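Working notes, structure below.
The values are calculated or read from the model by the stated rules, or taken from the named source; none is laboratory data. For clarity, every value in this text was computed on a predicted model and none was experimentally measured. We place every Cβ from the backbone using ideal geometry, glycine too, and count neighbours over all the protein chains shown.
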Amino acid sequence: MSPATNAASRAAGALLGLAALLVACSPEPNVVHEYDAYAGDAFPDRLQPVTYPAAGAIVVTDSYSDTLSLVDLGTGERFASFPVGRDPVSIDGPHHLAVNVAARRLFTALSYPVLATGGPHASHGSSVQAGYAQVLSLDDFRILGQVRVDNNPGDIVLSEDGKRLVVSHFDLVRALENAGDLDKQRATLAIIDPSTLEQPVPPAPPRIDVCIAPHAVALSRPDAARAYVACNGEDSIAVVDLDAAKVLERIPVAAGASAQGNPQYGPYSAVLSPDGKTLAIGNQVSRDVSFLDIETMAMMPERTLSTQGTPFFPAWSADGNTLYVTTQTPNAVLAIDFSADNAELERRDFAAGECDLPHVAEIQGDALLVVCEGDHVAPGRVLFLEPDTLTTRHTTEVGVYPDAMARVGGAR
Amino acid sequence: MKRVLCTSLLGAALLGPGCKGDPETEVVHGTAVDHGKALFEDPSIANTSFNSYACASCHEPQADDSELALPGAPMAGVLGRPDYWGGKERELLDAIDHCLYYFMLRDQPLAKDDEEARALYAYLESLSPGGVDTPTDAAPFTVPVKVEDVPAGDASAGAGAYAAACALCHGDAHTGSGRLVDRAPVLPEDSIADHPSPGYSDAERRLVFIEKVRHGGFLGYTGQMPPLSMETLSDEDLGHVLAYLGL
């Protein structure tokens, strides 16, 4: 800058400053707004109570459409669906559910699956985002509260007395990223007091390090003092004392099984028999169902059932004599006579599109219900089957990638 | 002459402290609807200096109020809608709180009894003849989870589409002139710089752009950008925008 230019600039600056002072002598008035208060009923409660059918209903988690579907057990039709989750655009991935019908509460785990979005920036167990346990009202499906859990919640189960909610974490990312370090590979169970979930800021639930990629959880009945956990990455069932918050033992699902992140059996599901004495375990790698005697805490190798396909969540009949096993690839459901050395009573292979990727079976009333994942893009299905013949009584569409169901009303 | 002016100004300045310097206070009275409208148009509702967006940045009061293709639905009839955010939210206040949190960086939700919340409701009610008891259709809001390439477009048509859908936040293409906030990327240069060659092919750069437009700060992306639904910007118009930007 030349001296002349500099002097001129200083003069102009002085003029501007003085002008500003002059302006200050004729000040603009301060404007203060005063508004009337709104006198009406702002944001009135518009959610209507759900009218449940006399025959009862099941709720289905639609994990890729962020909805809960309600299916009439009398007509077999879906009669309602409600959004669930926290994020208004991304997929929260409601994964499995538990209900407390007496308390009118539903609990689901938000798993935030990593989805194939098609873009260069980009499944169950591979999330890097913390999950949540969320509670909803069974009366109108409003969301009442939530608490953060760990990444990749896998199963969510409620004790019979409704006082203990247990969430496992099927965290394959943790398992893979910490290969060779068993302690770091192991994921947790979160133990939640359901009564805290509706607090504005629920306390963080205590965790128990349990095993590599724990998935299904079965609670001892009726006390829920123990959890039997399918340890997918360790080929074992972890027996957890929930009161003492410690793992009592890890029982290999087969003799010599001792995987540390490289499973040869891959236990994924675990369903307790009605009398609470036998745990049926679906092993996804070895493609079989094995059984644990709860009284002796010993596997029953003579009862291991080869399933051809990959077993998912099986169902016991009310008398415990029949076990229904869903399998994927091939897509089928098997009826096994557990009272007579696992004789195959019936087998139903599904045609393409009939029940793609059956995930879970349950006896509800006089029907065997099977939740079919579908292709994870189009709606999945719930099939109502005859328990004896496995023929289809009814089919209804639900949301995308359904993966669990629970009964919410009506006489059993 | 200049000196005289300066002297006069200096004299005036010396007199300055003698001015009655305290400005008068003018009280402007308004209704709750006025209050709600003011809040609707004011970024300060977010309670943070980091926010530059108002509700009105993304929502028009009435459909077709302008030629802009805004990401949010018009507010007319909003009280009677059965749900919001494409069916993923059933309660209006929660729907508003999503906007405040994701796009406007407010860290606390509005409570039903907050004066500001009630005033906003009053304004929205004024835009909803018949109020909450007159059902209206849900505003469509389709955000595809999986994105794919869009049809090749026309650059001249893209200029209009860009002006309608992008320019308000991003300013002029290539310069960013007139953008709402400095941190809004200059398009397409900043986006390309973040996805350099040879790490990304030309096709992948198109997909990056498409993914960001469709998903905004969701579905694995971050940032404050709202998703532009299929109803806000069709694949055809998005193809025109890409052609206009030379992608």
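Do we find that B:Asp64 is acidic (Asp, Glu) and under 25 Å from A:Ile143 (Cβ atoms) in this structure? Taking the combined requirement at face value, the residue does not satisfy it.
To keep it simple, each residue is scored yes or no on (1) more than 12 Å from the chain's Cα centre (by Cα); (2) assigned to a strand (DSSP E or B); (3) within 14 Å of chain B (Cβ to nearest Cβ).
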{"position": "A:Ala102", "(1), (2), (3)": "yes, no, no"}
{"position": "A:Leu115", "(1), (2), (3)": "yes, no, yes"}
{"position": "A:Asp161", "(1), (2), (3)": "yes, no, no"}
{"position": "A:Ser168", "(1), (2), (3)": "no, yes, no"}
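So, of the residues in the stretch B:203-242 that are more than 12 Å from chain A (Cβ to nearest Cβ) and in a helix (DSSP H, G or I), which turns out to be farthest from A:Tyr112 (Cα to Cα)? Step through it out loud before you land on a result.
Looking only at the stretch B:203-242, we keep the residues that are more than 12 Å from chain A (Cβ to nearest Cβ), and these are B:223-224, B:230-242.
Next, from what is left, pick out any that are in a helix (DSSP H, G or I): B:235-242.
Details: B:Asp235: 27, B:Glu236: 31, B:Asp237: 31, B:Leu238: 28, B:Gly239: 31, B:His240: 33, B:Val241: 32, B:Leu242: 31 Å.
The qualifying residue farthest from A:Tyr112 (Cα to Cα) is B:His240.
Of the residues A:Val128, A:Val135, the single one that is of a type in the set (A, V, I, L, M) and within 13 Å of chain B (Cβ to nearest Cβ) is A:Val128.
Please go through the stretch B:99-116 and pick out each residue that is charged (D, E, K, R), surrounded by fewer than 18 Cβ atoms within 10 Å (Cβ to Cβ) and either more than 10 Å from every other protein chain (Cβ to nearest Cβ) or assigned to a loop (DSSP other than H, G, I, E, B) (or both).
Initially, the stretch B:99-116 is screened for residues charged (D, E, K, R), giving B:106-107, B:112-116.
Remaining after also requiring surrounded by fewer than 18 Cβ atoms within 10 Å (Cβ to Cβ): B:107, B:112-116.
B:Asp107, B:Lys112, B:Asp113, B:Asp114, B:Glu116, listed by residue number.
In the condition set (1) away from chain A (no Cβ under 11 Å); (2) modelled with pLDDT of 95 or more; (3) in contact with a Gly (Cβ under 6 Å, 6 or more places away or on another chain); (4) surrounded by fewer than 21 Cβ atoms within 10 Å (Cβ to Cβ), B:Val150 is compliant with all but (4). When we screen A:Ala98, A:Ala80, A:Ala109 for residues that are of a type outside the set (S, T, N, Q), outside any loop (DSSP other than H, G, I, E, B), within 14 Å of chain B (Cβ to nearest Cβ) and in contact with a Phe, Trp or Tyr (Cβ under 9 Å, 6 or more places away or on another chain), the only hit is A:Ala80.
Among the residues of the stretch B:52-98, those that are of a type outside the set (A, V, I, L, M, F, W, C), part of a loop (DSSP other than H, G, I, E, B) and within 14 Å of another protein chain (Cβ to nearest Cβ) comprise B:Pro71, B:Gly72, B:Arg81, B:Pro82, B:Asp83, B:Lys88, B:Arg90, B:Glu91. Contact annotation: residue pairs with Cβ atoms under 7 Å, 6 or more positions apart or on different chains, pairing a residue in the stretch A:226-241 that is within 11 Å of A:Asn283 (Cα to Cα) and acidic (Asp, Glu) with a partner that is assigned to a strand (DSSP E or B) and modelled with pLDDT of 95 or more, are A:Asp235/A:Pro252; A:Asp235/A:Pro267. For the stretch A:240-256, the criterion of being in contact with a helix residue (DSSP H, G or I) (Cβ under 9 Å, 6 or more places away or on another chain) and outside any loop (DSSP other than H, G, I, E, B) is met by none of the residues.
Of the strands (runs of 3 or more DSSP E) lying entirely inside the stretch A:341-412, those carrying at least 1 residues that are within 20 Å of A:Gly320 (Cβ to Cβ) are A:343-349, A:358-364, A:367-372, A:379-385, A:402-409.
Residues checked against (1) in a loop (DSSP other than H, G, I, E, B); (2) under 20 Å from A:Val101 (Cβ atoms); (3) among the aliphatic types (A, V, I, L, M):
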residue	(1), (2), (3)
A:Asp150	no, no, no
A:Leu189	no, no, yes
A:Glu198	yes, yes, no
A:Pro202	yes, no, no
A:Pro205	yes, no, no
A:Ala216	no, no, yes
A:Asp223	yes, yes, no
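Quick grid of which residues meet (1) in contact with a Cys (Cβ under 8 Å, 6 or more places away or on another chain); (2) more than 21 Å from A:Phe291 (Cβ to Cβ); (3) surrounded by fewer than 15 Cβ atoms within 10 Å (Cβ to Cβ):
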{"residue": "A:Glu344", "(1), (2), (3)": "no, no, yes"}
{"residue": "A:Asp349", "(1), (2), (3)": "no, yes, no"}
{"residue": "A:Asp356", "(1), (2), (3)": "yes, yes, no"}
{"residue": "A:Val360", "(1), (2), (3)": "no, no, no"}
{"residue": "A:Gln364", "(1), (2), (3)": "no, yes, no"}
{"residue": "A:Val370", "(1), (2), (3)": "yes, yes, no"}
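Give me a count of the residues in the stretch A:26-53 that are farther than 26 Å from B:Pro82 by Cα and either modelled with pLDDT of 95 or more or assigned to a strand (DSSP E or B) (or both).
Residues in the stretch A:26-53 being farther than 26 Å from B:Pro82 by Cα and either modelled with pLDDT of 95 or more or assigned to a strand (DSSP E or B) (or both): 8 in total.
Within the option set B:Pro135, B:Pro129, B:Pro151, being over 21 Å from A:Arg46 (Cα atoms) and more than 19 Å from the chain's Cα centre (by Cα) holds for one residue only, B:Pro151.
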